[in-house]
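Have a look at the structure below before the remarks.
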Amino acid sequence: MNMITNHLPTAELQALDAAHHMHPFTDAPGLARKGARVITRGKGVWLTDSEGHQIIDGMAGLWCVNIGYGRKELAEVAARQMEELAYYNTFFQTTHVPAIALAAKIAELAPGDLNHVFFAGSGSEANDTNIRLVRRYWDVKGQPQKRVIISRKNGYHGSTMGGGSLGGMAPIHAHGGMIDGIVHIDQPYWWGEGEDMTEEAFGLARAKQLEDKILELGVENVAAFIGEPIQGAGGVIVPPSTYWPEIQRICDTYGILLIADEVITGFGRTGNWFGSQTFGIRPHIMTIAKGLSSGYQPIGGSIICDEVARVIGEGGEFFHGYTYSGHPVAAAVALENLRILQEEHIVDHVRNVAHPYLKERWDALTDHPLVGEAKLVGLMGSIALTPDKAKRAKFAESSNVGYRTRERCFANNLIMRAVGDRMIIAPPLVITTAEIDILIERAKKSLDESYASLKAEGLFVPA
Ligand SMILES: *Cc1c(COP(=O)(O)O)cnc(C)c1O
């Protein structure tokens, strides 16, 4: 098996992949018929596949490769750490330097009194930790019945049982069910669900659902609210400006814990270190993963405020942890990633250079006949595809407009993902203005081709 290299013919790699590798979130027979694209190398914002195509990665892998591919420093740190101490656990009153240093660094970067880090191997695991943390918090405070967590439909918080239940995606719930004590309110998605309300009024109305839900359940039963500052996997849904201030007010008024899932929005994505800073959110707990290590190693965690950490501590032992919590190699690599983000002023680059340059060109995509609205916060953007902009109309599902457009992007060597009728991007944060030009040029070409094919097939009509 160790003879399987990049040099095998693509078809052979695809056949072995289809025979033995079960992919996440994939229709296996469909993929087997088509053959998976084999990615072989990465450098900066560029990927190479087994056929030698040079692809611009508009998704930073899966929203994670914030510093771009191919940074040698991270490889060197990993090698050094493996030689020095490849693994040790943090369970039995022991610790190690990478976990100490990374926790201290995260506490320094995180706003307010978010000073304590519980490590996990991924974002999903971290959200599972959060479920247990908030329930344990109220338990220690003598209110064990306060255990319901309120979340949003079409939110994404991972795909373990806990993360998948927190998320509000029905297809995920349908495969394996949900854990108890999690309820969902509607999402702040104005373009798709706002009807004839203004964005501002709609944002308030959707936030108000949190208050209604708390009152319906009884505040004595509600532990926490969780939300992504911007819904990522749900389609890069940027809430109306009125939404988060009202959510914050409601959490404050009723004294429930607020969890900001910053797995995508953390570590520079929105032009600040954390999305909570961009939206003025003051969470008790933040979920982190993805950009924490720029995807070079699997690592996630929860950043916890002083009060929650203190109460958990008062309760004595917290029966929870992962073999790889604070894994030394992953922690050392994450620390090096944060050093690069900080010393190379990459968050400033997002805010002052890349965002303004991309924003102008991204917004101009609304001139295209297929594009209704364009949203961009930092380097996280989406466009809505519509057959009728004025009515914010949807295509019939059979038009497969998002998938169709994504396929055109792929053919044009651009990775841009589709979520329903929305196309989304989240490129590496180091993207240059010249690379933004290429991204936009390929996006326009793909939109043109998608539009032409819809027209030709008579599908450019509202559902
Ligand atoms: C990706 C993601 C997760 C899950 O992270 P994994 O590392 O895939 O488990 C959780 N929350 C949000 C907001 C995400 O985007």
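The values are calculated or read from the model by the stated rules, or taken from the named source; none is laboratory data. All of these numbers come straight from a predicted model, not from anything done at the bench. For neighbour counting, all protein chains shown are included, and Cβ atoms are generated from backbone atoms with ideal geometry for every residue, glycine included. These accessible areas exclude ligands, DNA and RNA; they are computed on the full protein's heavy atoms, side chains included. Shrake-Rupley method; radii C 1.70, N 1.55, O 1.52, S 1.80 Å.
Each residue in region 79-94 was checked for being within 18 Å of residue 120 (Cα to Cα) and in contact (Cβ under 8 Å) with a residue 40 or more places away in the chain, and 6 of them qualify. Number of residues in region 195-229 that are outside any strand (DSSP E or B) and of a type in the set (Phe, Trp, Tyr): the value is 1. Among all residue pairs at least 6 apart or on different chains, which show Cβ distances below 9 Å where the first residue, located in region 106-128, is over 10 Å from residue 300 (Cβ atoms) and more than 16 Å from the ligand (Cβ to nearest atom) and the second is of a type in the set (Ser, Thr, Tyr) and open to solvent by 40 Å² or more (accessible area, probe 1.4 Å)? Note: no pairs meet the criteria.
Please go through region 86-106 and give me each residue that is farther than 30 Å from residue 305 by Cβ and assigned to a helix (DSSP H, G or I), ordered by number. Hits for region 86-106: nothing passes. Residue 198: more than 16 Å from the ligand (Cβ to nearest atom), among the hydroxyl-bearing types (Ser, Thr, Tyr) and open to solvent by 40 Å² or more (accessible area, probe 1.4 Å), yes or no? So residue 198 passes the test.
Since residue 417 meets every condition but one in (1) within 21 Å of the chain's Cα centre (by Cα); (2) among the basic types (Lys, Arg); (3) farther than 25 Å from residue 353 by Cα, which condition does it not meet? Residue 417 satisfies all of (1) within 21 Å of the chain's Cα centre (by Cα); (2) among the basic types (Lys, Arg); (3) farther than 25 Å from residue 353 by Cα except (3).
Tell me yes or no: at least one residue of region 245-259 is closer than 30 Å to residue 61 by Cβ, open to solvent by 20 Å² or more (accessible area, probe 1.4 Å) and not in a helix (DSSP H, G or I). No, there is no match, as no residue in region 245-259 is closer than 30 Å to residue 61 by Cβ, open to solvent by 20 Å² or more (accessible area, probe 1.4 Å) and not in a helix (DSSP H, G or I).
Restricting region 260-275 to residues that are over 8 Å from the mean Cα position of the chain (by Cα) and of a type in the set (D, E, K, R), which is nearest to the ligand (Cβ to nearest atom)? Write out each step before concluding.
Restricting attention to region 260-275, the residues satisfying the condition of being over 8 Å from the mean Cα position of the chain (by Cα) are 260-261, 266-275.
Within this subset, residues satisfying the condition of being of a type in the set (D, E, K, R) are 261, 269.
Values: 261: 4, 269: 10 Å.
Applying the filter and picking the extreme gives 261.
For the subset of region 62-85 comprising residues that are part of a loop (DSSP other than H, G, I, E, B) and of a type outside the set (A, V, I, L, M, F, W, C), which member is surrounded by the fewest Cβ atoms within 10 Å (Cβ to Cβ)? Restricting to residues being part of a loop (DSSP other than H, G, I, E, B) and of a type outside the set (A, V, I, L, M, F, W, C), the top hit is 70. Can we say residue 25 is over 30 Å from residue 441 (Cβ atoms), of a type in the set (Phe, Trp, Tyr) and either in contact with a Lys or Arg (Cβ under 6 Å, 6 or more places away or on another chain) or loosely packed, with under 14 Cβ neighbours inside 10 Å (or both)? No; evaluated as a whole, the condition is false for this residue.
Scanning region 104-116 for residues that are closer than 21 Å to residue 281 by Cβ, surrounded by fewer than 24 Cβ atoms within 10 Å (Cβ to Cβ) and not acidic (Asp, Glu) yields 107, 109, 111, 112, 115, 116. Just to verify a result, which residue in region 217-243, among those that are without any contact (Cβ under 8 Å) to a residue 60 or more places away in the chain and under 18 Å from the mean Cα position of the chain (by Cα), is farthest from the ligand (Cβ to nearest atom)? Among residues in region 217-243 that are without any contact (Cβ under 8 Å) to a residue 60 or more places away in the chain and under 18 Å from the mean Cα position of the chain (by Cα), the one farthest from the ligand (Cβ to nearest atom) is 239. More than 16 Å from the ligand (Cβ to nearest atom) and on the phi > 0 side of the Ramachandran plot: is that true of residue 42 in this structure? When the stated conditions are applied, residue 42 does not pass them.
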